[in-house]
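This report refers to the structure that appears directly beneath it.
The values are calculated or read from the model by the stated rules, or taken from the named source; none is laboratory data. None of these values were measured; they are calculated from a predicted model. Please note: Cβ atoms are built from the backbone with ideal geometry, for glycine as well, and neighbour counts cover all protein chains shown.
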Amino acid sequence: MEKRKILLAATFLFVLIVLISFLAYKIVSVKKIEVLEVWVAKEIIYPRTKISEKHLTLIKVPKVYLNDDVIYKKEDLINKYTQIYATVAKGALFYQDYLEDLENLTAYPDLLLKKDQVSYSLPSDLLKSAGNSLVTGQKVDLYVTLNLKDQPPLTDCLIKAVRITAIKDRAGLDLTNPKSSRIPYLVVLAIDANQVKYLKAIGKIGSIDLLGVNVNYGENEESLLQMESLILPYLQV
């Protein structure tokens, strides 16, 4: 009987030691695992989408599961665009290769167009009226000079409040791109689709200048064709 009690006590002690050892191991293991907070997609995000707070949710993930190219900070995600090939699944992490700044996206000016607008590019030497002071997002007035036969040149404003969506160098890089030469080559404008025919007609008989003006045009005041312009009667469209 005495031996049985000793055996039971020994067995209980052994089990207790094993249990304590297991718990100690788990505690140490948990302490060794570093957990980080990381932003993931709250919903499916399709290509060419501008990232905003509504697309993000915060979760905790063991650091060992995260690659070096994972984006952790919200400020590094907001206002970035998903690449044309990148669809981010709900709950997925964000990686550097998935996102790009607006200025670095291919054909990004088209993303800035409003309804019924198209992109129209002009050589940078047409910035002579405003020097090199023009910047993306600025609104300018479009002046036309016609070289008329047997008459003095005729100059007048044709379109007001034309928004600049990009200024690019010879390589097609936006001037804000770190790899850009910073030498303007093309200016890209947001033009009402119905006005492009006038600009094409001008190329045959005149020239175009962009003039930066100190006018606070309203947000919805863009690409305003001047119906009383002295230029219009000469444009056969």
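Values as computed for the structure displayed
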read-out: Given (1) touching a strand residue (DSSP E or B) at 6+ places or on another chain (Cβ under 7 Å); (2) without any contact (Cβ under 8 Å) to a residue 60 or more places away in the chain, index of the condition Ala171 fails; value: (1)
read-out: Inter-residue pairs, beta-carbon under 6 Å, first closer than 13 Å to Lys80 by Cβ and touching a residue at least 12 places away in the same chain (Cβ under 8 Å) and in region 43-67, second surrounded by 13 or more Cβ atoms within 10 Å (Cβ to Cβ) and among the basic types (Lys, Arg), 6+ apart; value: Ile51/Lys80; His55/Lys42; Leu56/Lys42
read-out: Some residue of region 216-236 being at positive phi, in the same structural domain as Gly137 (by TED's automatic domain parsing) and in contact with an Asp or Glu (Cβ under 7 Å, 6 or more places away or on another chain); value: yes
read-out: All positions within region 150-179 that are modelled with pLDDT under 85 and closer than 22 Å to Gln236 by Cβ; value: Asp150
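The rows are residues; the columns are (1) more than 20 Å from Leu113 (Cα to Cα); (2) crowded, with 17+ Cβ neighbours inside 10 Å.
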{"residue": "Asn147", "(1), (2)": "yes, no"}
{"residue": "Asp150", "(1), (2)": "yes, no"}
{"residue": "Asp156", "(1), (2)": "yes, no"}
{"residue": "Ala161", "(1), (2)": "no, yes"}
{"residue": "Lys204", "(1), (2)": "yes, no"}
{"residue": "Ile208", "(1), (2)": "yes, yes"}
{"residue": "Glu219", "(1), (2)": "no, no"}
{"residue": "Leu230", "(1), (2)": "yes, no"}
